[in-house]
Amino acid sequence: MPAPRVEIHFCPGCRWQARAAWMAQELLTTFGDALGEVAIGPAGSGIFEIHLDGKLLHSRKRDGGFPETKPIKQMIRDRIDPARGLGHSDR
């Protein structure tokens, strides 16, 4: 089975590339080689979305704002390794 893939799509016109890169760094720091890839890429106007293996985890438009790292990490952990501890992100 291939390792999980996270995709972060952002609106370049809104200048959200740094936010997407920061989220990618947070996920790579937390999950390391448990993730096969964390990709960031430009998307349409006003878009900031995070997908795991093609499934939408968070949408700025749908969910009403930018995601916090804690719930995103918990959603990813719950799907790829439910027994994994996340330290302070579990509290």
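The values are calculated or read from the model by the stated rules, or taken from the named source; none is laboratory data. Since the structure is predicted, the reported quantities are computational estimates derived from the model, not experimental observations. Please note: Cβ atoms are built from the backbone with ideal geometry, for glycine as well, and neighbour counts cover all protein chains shown. Each accessible area value is taken on the protein alone, full model and side chains, heavy atoms only, with ligands, DNA and RNA left out. Shrake-Rupley method; radii C 1.70, N 1.55, O 1.52, S 1.80 Å.
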Residue list for the range 27-55, filter: farther than 16 Å from Cys11 by Cα and among the hydrophobic types (A, V, I, L, M, F, W, C): Leu27, Leu28, Phe31, Ala34, Leu35, Val38, Leu52
Glu26 - would you say it is in contact (Cβ under 8 Å) with a residue 12 or more places away in the chain, in a helix (DSSP H, G or I), at negative phi and of a type in the set (Asp, Glu)? yes
One residue from Pro82, Pro67, Pro71 being open to solvent by 30 Å² or more (accessible area, probe 1.4 Å), of a type outside the set (S, T, N, Q), under 18 Å from Thr30 (Cα atoms) and assigned to a loop (DSSP other than H, G, I, E, B): Pro82
Of the residues in the range 1-30, those that are among the charged types (D, E, K, R) and more than 17 Å from His51 (Cβ to Cβ) number 1
Gly46 meets each of (1) open to solvent by less than 20 Å² (accessible area, probe 1.4 Å); (2) out of contact with any strand residue (DSSP E or B) (no Cβ under 8 Å at 6 or more places or on another chain); (3) assigned to a helix (DSSP H, G or I) with one exception, condition (3)
